[in-house]
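A single structure is presented below for examination.
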Amino acid sequence: MHLHYDTWKRRLDVEVEKLAPEINALNDNLADNPELGGEEYNSSKAIAKVLEKHGLQVIMPFAGLTTAFKTSLAGIGGKKIALLVEYDALPGIGHACGHNVSGSISILAGLAFSKVLQAVGGELDIIGTPNEEKDGGKIIMADQGIFTGYDLVIMIHMDNKNRVNARFLALDSLEFAFKGRASHAAAAPWEGRNALNGVQLMFHAIDMLRQHVQPDTRMHGIIIRGGEACNIVPEEAAAQLYIRACERDYLDRVKNMVTDCAQGSAIATQTNVMVSNFSPSLSDLKPNKAGEMLIGECFQELGLEDESEGLAFGSSDVGNVSYLCPTLHPTLALAETDVQLHTREFARLVKGESAYKAILTGAKILNRVCLRVFHEPGVAEKIKDDFLKTGYL
């Protein structure tokens, strides 16, 4: 390990401890004022204000996104790392995904490096990536080439387990709009063509399909339009579905099968169906064995047990980034509990001592990973080699 690693690590830990109360206050501000994806106007400004207070120049808007931002730290060397910051919330249940905590972790780690600039072995960027839950802000950035050329992109997500190798499912967001013919539901129902029946039959067909897809496949949705009145045969009805699988190639096959269910249901109900995407498609998170081993070593150094199970637990636009550059996305447990993400119970954990502990620990993990990628011979190269490999390791 590089001669200066222990020295820089201790100095960064001191800065993390000093800065933690201020970042805890930022975390609580975000938690108390949740904003939906693409609408994080106050959240992004609050984060930028903290960065600017510590002398960093913040570019905002960034990448054509009003609530995105970027700031950079320049050191000596040729490595390039990005810390990603998330800060969007969920409809109705606030920060039940813990983005206020994960975003605070990246900010704390980046600010610590700003106080120990000689530890930056090249360039360290802090990039605010809004709208993860809805439209995939990272995908918009990825399409613009924002992540090209990085040796590592990293952030830490909240969870109920500490995982070095969190897995994400590839995801397609499909809308099925059925078109029938209206008629009086009592006087002349035979003249109508029931679009809602098409939607219902499609859901039944998809339920029957479940026994013939791989265990990692997820298909779940809602009816968003079901008719206008009980005495009118529904002329229009629509449903939205998320379809997920561990690998993009298999998800494409499942997508075709689900579309066949919709087309068959339209034929059976003498209606028509239009299929479209209602949000961007998400890729699975590409594994990186060398990077995950590095995370595991940092976990051990801080006394954390890896609870990875090899199971995917959701989807994220960070998966798309992972196919452009080496990307790591470990998770930290907010508390010793089995409370699930996207619940009101989880939202209650994003403030207070458990959140503060996660912020402190997470920043120390990020700093250790960055230090070793910047300075330890061969680390960045091994991570890049694994990135260039195709498929699962």
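Answer with yes or no whether F278 is among the aromatic types (F, W, Y), in contact (Cβ under 8 Å) with a residue 24 or more places away in the chain and surrounded by fewer than 16 Cβ atoms within 10 Å (Cβ to Cβ).
When the stated conditions are applied, F278 passes them.
Okay, next question. Can you tell me which residue within the stretch 38-64, out of those that are modelled with pLDDT of 95 or more, closer than 24 Å to G92 by Cβ and not charged (D, E, K, R), is surrounded by the fewest Cβ atoms within 10 Å (Cβ to Cβ)?
The extreme case among them is Y41.
Same structure again: What helices (runs of 4 or more DSSP H), lying completely within the stretch 284-393, carry at least 1 residues that are without any contact (Cβ under 8 Å) to a residue 12 or more places away in the chain?
Correct list: 289-301, 344-347, 353-375, 379-388.
What about K134, is it charged (D, E, K, R), within 30 Å of R348 (Cβ to Cβ) and surrounded by fewer than 19 Cβ atoms within 10 Å (Cβ to Cβ)?
Criteria met by K134.
Then there's this: Quick test for you: out of L12, L30, pick the one residue that is of a type in the set (A, V, I, L, M), in the same structural domain as V369 (by TED's automatic domain parsing), closer than 18 Å to L366 by Cα and surrounded by 16 or more Cβ atoms within 10 Å (Cβ to Cβ).
The match here is L12.
Checking L304 against (1) over 21 Å from the mean Cα position of the chain (by Cα); (2) under 22 Å from G77 (Cβ atoms); (3) crowded, with 16+ Cβ neighbours inside 10 Å: exactly one of these is not met. Which one?
Exception for L304: condition (2).
Within the stretch 164-185, identify whether any single residue is aliphatic (A, V, I, L, M), without any contact (Cβ under 8 Å) to a residue 24 or more places away in the chain and either in a strand (DSSP E or B) or not assigned by TED's automatic domain parsing to the domain that holds I81 (or both), and answer yes or no.
Kept after step one, since they are aliphatic (A, V, I, L, M), are these residues of the stretch 164-185: 164, 166, 169-171, 174, 177, 182, 185.
Now narrow it down to the ones that are without any contact (Cβ under 8 Å) to a residue 24 or more places away in the chain: none.
No; the residues of the stretch 164-185 include none that is aliphatic (A, V, I, L, M), without any contact (Cβ under 8 Å) to a residue 24 or more places away in the chain and either in a strand (DSSP E or B) or not assigned by TED's automatic domain parsing to the domain that holds I81 (or both).
If you don't mind, another one. Identify, from the list G103, G128, G149, G136, the residue that is in contact (Cβ under 8 Å) with a residue 40 or more places away in the chain, on the phi > 0 side of the Ramachandran plot and within 18 Å of the chain's Cα centre (by Cα).
Only one candidate qualifies: G136.
Further question on the same structure: Is it the case that some residue within the stretch 349-364 is at pLDDT 95 or above, in contact with a Pro (Cβ under 8 Å, 6 or more places away or on another chain) and aliphatic (A, V, I, L, M)?
No, every residue in the stretch 349-364 fails to be at pLDDT 95 or above, in contact with a Pro (Cβ under 8 Å, 6 or more places away or on another chain) and aliphatic (A, V, I, L, M).
The values are calculated or read from the model by the stated rules, or taken from the named source; none is laboratory data. Everything numeric here is computed off the predicted structure, so don't read it as measured data. When we count neighbours, we look across all protein chains shown, and the Cβ atoms used for this are built from the backbone with ideal geometry, even at glycine.
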